[in-house]
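The values are calculated or read from the model by the stated rules, or taken from the named source; none is laboratory data. Just so it is clear, the model here is predicted, and its values are computed rather than measured. Methodologically, a virtual Cβ is constructed for each residue, glycine included, from the backbone with ideal geometry; neighbour enumeration extends over all protein chains shown. We work out accessible area using only protein heavy atoms, side chains counted, and drop any ligands, DNA or RNA first. Shrake-Rupley method; radii C 1.70, N 1.55, O 1.52, S 1.80 Å.
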Amino acid sequence: MAASTFLLGGELPVRRLGFGAMRADGVEVIRRAVELGVNLIDTADIYGAGRNEELVAEALYPYPAGIVIATKGGLGWGLQERIRDGRPEHLREAVDASLRRLRLERIDLYQLHRHDPEVPIEESIGALVELRDAGKIRLIGVSNVSLRQLRAAQSVTAIASVQNQYNRGLLTSEDVLEACEVDGLGFMPWQPLGEGLRASRFELRWLLDRSPVMLPIPGTASVEHLEENMSA
């Protein structure tokens with residue numbers, strides 16, 4: 001069991017195979033993931049323009065003990081002109097909106113979805129620190145970052161996780177993964193199966209064997225595919 005769990009941020013135990021809710025189109029697959037032992041559910045405010053967060057809450061609220069909910073913010077959507085939006089005022093609004101949709105008083109893991117080149121990443125992370133101090137966030141993560149951006153974020157506060165695209169066919173984040181191993185950060189690869197791969201359990205097994213900090217979050221709308229993934 002020790003090899004199948006990871007202590008996120010040094011304080012939240014999660015099973016190393018999580019569930020990415022982006023592709024879920026109903027509550028059944030999310031509930032089945034939890035039944036199969038998943039306790040890390042990842043979503044984002046931009047998925048379905050907020051609907052995906054609502055779906056997670058619909059499926060799991062009141063949340064079972066031990067469930068870790070991770071979401072992301074920092075991309076513009078709706079009527080906003082900014083594709084990336086790391087301004088502190090936007091992040092404050094985004095966190096409050098995610099709390100409402102997820103029906104949470106505190107988000108376990110809040111991740112800056114993508115660095116806004118018009119805002120220093122230190123400023124965006126600083127806003128998340130203030131939200132953590134206010135009790136709205138427990139742990140802070142980053143997503144789609146380079147090693148330089150990760151180090152800049154870490155210069156502001158402790159970072160619990162990184163979510164970058166990574167799979168056996170796309171190893172461009174090797175340097176970030178190695179930094180996560182050294183620092184004890186969870187590494188959550190998105191699109192862990194690559195493009196068009198169906199041999200899911202074998203790809204996921206490769207990822208789990210690749211690093212002890214690897215936390216794949218495969219997503220699916222199919223209960224059958226979910227069960228195949230979980231066999232990893």
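Looking only at region 125-150, which residues are within 15 Å of Gly186 (Cα to Cα) and either aliphatic (A, V, I, L, M) or assigned to a helix (DSSP H, G or I) (or both)?
Leu139, Ile140, Val142, Val145, Leu147, Leu150 - these are the residues of region 125-150 that are within 15 Å of Gly186 (Cα to Cα) and either aliphatic (A, V, I, L, M) or assigned to a helix (DSSP H, G or I) (or both).
Of everything in region 90-130 that's of a type in the set (D, E, K, R) and touching a Ser or Thr at 6+ places or on another chain (Cβ under 7 Å), which residue is modelled with the highest pLDDT? Talk me through it step by step, then tell me what you get.
Of region 90-130, the ones of a type in the set (D, E, K, R) are 92-93, 96, 100-101, 103, 105-106, 108, 114, 116, 118, 122-123, 130.
Those left that are additionally touching a Ser or Thr at 6+ places or on another chain (Cβ under 7 Å): 114, 116, 122.
Working: Arg114: 95, Asp116: 95, Glu122: 98.
Among those residues, the one meeting the criterion is Glu122.
Taking the criterion of being of a type in the set (Asp, Glu), open to solvent by 10 Å² or more (accessible area, probe 1.4 Å) and under 17 Å from Glu11 (Cα atoms), would at least one residue in region 162-181 satisfy it? Steps first, answer last, please.
First, the residues of region 162-181 that are of a type in the set (Asp, Glu): 174-175, 178, 181.
After this cut, where a residue has to be open to solvent by 10 Å² or more (accessible area, probe 1.4 Å) as well, the list is 174-175, 178, 181.
Next, only the ones that are under 17 Å from Glu11 (Cα atoms) stay: 181.
Taking every residue of region 162-181 in turn, at least one turns out to be of a type in the set (Asp, Glu), open to solvent by 10 Å² or more (accessible area, probe 1.4 Å) and under 17 Å from Glu11 (Cα atoms).
Quick check on my filter: what residues within region 151-169 are part of a helix (DSSP H, G or I) and either among the aromatic types (Phe, Trp, Tyr) or touching a strand residue (DSSP E or B) at 6+ places or on another chain (Cβ under 8 Å) (or both)?
Going residue by residue through region 151-169, those that are part of a helix (DSSP H, G or I) are 151-154.
Listed by number, the list holds a single entry, Ala153.
Which residues, counting only those in region 7-35, are open to solvent by 60 Å² or more (accessible area, probe 1.4 Å) and either under 19 Å from Leu99 (Cα atoms) or outside any strand (DSSP E or B) (or both)?
Glu11, Met22, Arg23, Asp25, Glu28, Arg31, Arg32, Glu35
Counting only residues that are part of a helix (DSSP H, G or I), at pLDDT 95 or above and crowded, with 21+ Cβ neighbours inside 10 Å, how many does region 182-205 have?
Summing the residues that are part of a helix (DSSP H, G or I), at pLDDT 95 or above and crowded, with 21+ Cβ neighbours inside 10 Å in region 182-205 gives 0.
Answer with yes or no whether Asp133 is open to solvent by 60 Å² or more (accessible area, probe 1.4 Å) and modelled with pLDDT of 95 or more. Show your work before the answer.
Values: open to solvent by 60 Å² or more (accessible area, probe 1.4 Å): yes; modelled with pLDDT of 95 or more: yes.
Considered against the rule, which asks whether it is open to solvent by 60 Å² or more (accessible area, probe 1.4 Å) and modelled with pLDDT of 95 or more, Asp133 comes out as yes.
Could you list all residues from region 55-89 that are at pLDDT 95 or above, open to solvent by less than 60 Å² (accessible area, probe 1.4 Å) and outside any loop (DSSP other than H, G, I, E, B)?
Leu55, Val56, Ala57, Ala59, Leu60, Val68, Ile69, Ala70, Thr71, Lys72, Gly73, Pro88
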